[in-house]
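Inspection log for the structure reproduced underneath, given as structure tokens.
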Ligand SMILES: Nc1ncnc2c1ncn2[C@@H]1O[C@H](COP(=O)(O)OP(=O)(O)O)[C@@H](O)[C@H]1O
Ligand SMILES: [Mg+2]
């Protein structure tokens, strides 16, 4: 991927709460804005048309005034400009404060003035006069900014009876004020309304989504339960108030509860069938012990009377005996595994690993004198809580493997140390190693290497499975590292005390 990561989250990654709030607030802002703009525009054009109507009347009065003969005229208002530029029209009856009258002759403003607050005429500045000279004569009123004290004016130019151009104007200050006031009121009221609506939306959304949180919390708790093995108690359910099928969240809650029912049912079924299989294997192994013992007994009996049986029968009986022995071992191992699986069969007492290593290695030495057996023990005894017979079997299985799966002369070192909270037991040999294809599976049941490489036919493929099961039942771990010339099995057991 190229380019810098974008700071904005993609829409779909924002929370549902935010998205609902945005979906509610944005259209509200747009609607409020449109209503505001429409009302301001309507008010403005209404006020302008009112001003235009009044401006019509002002124009009529100015024109009538200039049409009257001099002596009939009412007195002119007092004027602060020079006598020359004093406009007529402002003296007409009915002209209001702010009324502008000007006469334009040949593009030059000859007279102009605005009616002041006290009825006096106020002269225009040169710039203001300049704004009056090019108005379209006889056209519609136009808006112009005259600046200074006058501000915006509505102006219209007409023709006086004497042919001059007569400009009349009315101030738009009132209109602008009214519009400004409306805008201010709309802004304040709109913002308050928006804030109130957003607050209400936040509260409603939070209330509405709270059941969803509870459903999610239930799902999370279930997801944290260890469901993979063993007896599972699946007591978690979505609370009844969140399972009303008339609501969307209720539907999710109902579906989740139904799914949990199914999961619980199938877990119970799995557990039951596992228990049954285990029980069956345990029962079958147990039942096989007695007939196997009889077979061995009879075979041994025949062997003892070697003189009386023909040679090939004797050979056959020896084979029967050794195979029966092998089968007895297999049956014992199966029985032990089934019992370990069921979580039974372990006592807990203090096991002195140091003594156990010494015993097991000397047993191995007796059974396999052609191998070189070495021990590497710490000075202080290492104690672990556990079942002495089973822990002994772990070590015996590992040493038996060296004996059966490595050639004569191989050196096997059994090492023991206490490390942190662990007792670490290691069996290292310099034999040919575990075949690469088998390495990932050595601890699985009935996993064994090429039979031709094994020195004895007594291979069952259960030895390391038992090691793994026993170590796990003790809360420990077992690992293997193997390459030609070095195979190391490392067993870690939780450590009780040192010394
Ligand atoms: N120390 C070892 N050196 C070489 N191969 C080994 C060693 N330990 C175990 N193996 C291989 O792992 C396989 C599984 O061992 P295990 O579970 O004890 O079964 P089994 O000993 O009955 O064959 C063996 O068949 C053998 O191929
Ligand atoms: Mg073995």
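The values are calculated or read from the model by the stated rules, or taken from the named source; none is laboratory data. As the structure is a prediction and not an experimental result, all values here were calculated from the model. Using ideal geometry, Cβ is built from the backbone for each residue, glycine included, and neighbour counts are taken over all protein chains shown.
Residues in the stretch 327-357 that are assigned to a helix (DSSP H, G or I), closer than 24 Å to residue 287 by Cα and either in contact with a helix residue (DSSP H, G or I) (Cβ under 7 Å, 6 or more places away or on another chain) or free of Cβ contacts under 8 Å to residues at least 40 places away in the same chain (or both): 12 in all. Among residues that are modelled with pLDDT of 90 or more, within 24 Å of residue 470 (Cβ to Cβ) and in the same structural domain as residue 469 (by TED's automatic domain parsing), residue 283 is not included. Listed by first and then second residue, the pairs linking a residue in the stretch 119-137 that is over 16 Å from residue 150 (Cα atoms) to a residue that is at pLDDT 85 or above and assigned to a helix (DSSP H, G or I), with Cβ atoms under 6 Å apart and 6 or more places separating them unless they lie on different chains, form an empty list. The one condition from (1) within 16 Å of ligand 2 (Cβ to nearest atom); (2) surrounded by fewer than 17 Cβ atoms within 10 Å (Cβ to Cβ); (3) modelled with pLDDT under 95 that residue 333 does not meet is (2). With assigned to a strand (DSSP E or B) and closer than 20 Å to residue 163 by Cβ as the only criterion, which of 143, 103 stands out? None of the others qualify; the one that does is 103.
Number of residues in the stretch 173-217 that are touching a helix residue (DSSP H, G or I) at 6+ places or on another chain (Cβ under 8 Å), under 28 Å from residue 117 (Cβ atoms) and at pLDDT below 90: the value is 2. Given the condition buried (at least 18 other Cβ atoms within 10 Å of the Cβ) and at pLDDT 80 or above, answer yes or no: does some residue in the stretch 73-87 qualify? No, that holds for no residue.
Report yes if residue 449 is more than 16 Å from ligand 2 (Cβ to nearest atom), surrounded by fewer than 21 Cβ atoms within 10 Å (Cβ to Cβ) and more than 45 Å from the chain's Cα centre (by Cα), otherwise no. When the stated conditions are applied, residue 449 does not pass them. Considering (1) over 51 Å from the mean Cα position of the chain (by Cα); (2) within 24 Å of residue 442 (Cα to Cα), the lone condition that residue 390 does not fulfil carries the number (1). So residue 348 clears everything in (1) away from ligand 1 (no atom under 16 Å from the Cβ); (2) surrounded by 19 or more Cβ atoms within 10 Å (Cβ to Cβ) except one condition, right? Which one? Among (1) away from ligand 1 (no atom under 16 Å from the Cβ); (2) surrounded by 19 or more Cβ atoms within 10 Å (Cβ to Cβ), the lone unmet condition for residue 348 is (2). Checking 215, 179, 204 one by one, the residue that is touching a residue at least 60 places away in the same chain (Cβ under 8 Å) and either surrounded by 12 or more Cβ atoms within 10 Å (Cβ to Cβ) or part of a strand (DSSP E or B) (or both) is 179 and no other.
Yes or no: the stretch 28-49 includes at least one residue that is modelled with pLDDT of 75 or more, under 16 Å from residue 156 (Cα atoms) and not in a loop (DSSP other than H, G, I, E, B). Yes, the stretch 28-49 contains at least one residue that is modelled with pLDDT of 75 or more, under 16 Å from residue 156 (Cα atoms) and not in a loop (DSSP other than H, G, I, E, B). Which residue is modelled with the lowest pLDDT, if the candidates are limited to the stretch 421-455 and must be touching a helix residue (DSSP H, G or I) at 6+ places or on another chain (Cβ under 8 Å) and either assigned to a strand (DSSP E or B) or more than 9 Å from ligand 1 (Cβ to nearest atom) (or both)? Only one residue fits best here, namely 455. Exactly one residue out of 285, 273 is more than 30 Å from residue 205 (Cα to Cα) and surrounded by 11 or more Cβ atoms within 10 Å (Cβ to Cβ), and it is 285.
Within the stretch 369-420, considering only strands (runs of 3 or more DSSP E) that don't extend past its boundaries, which have at least 1 residues that are within 15 Å of ligand 1 (Cβ to nearest atom) and surrounded by fewer than 22 Cβ atoms within 10 Å (Cβ to Cβ)? Here the list reads 372-376, 411-419.
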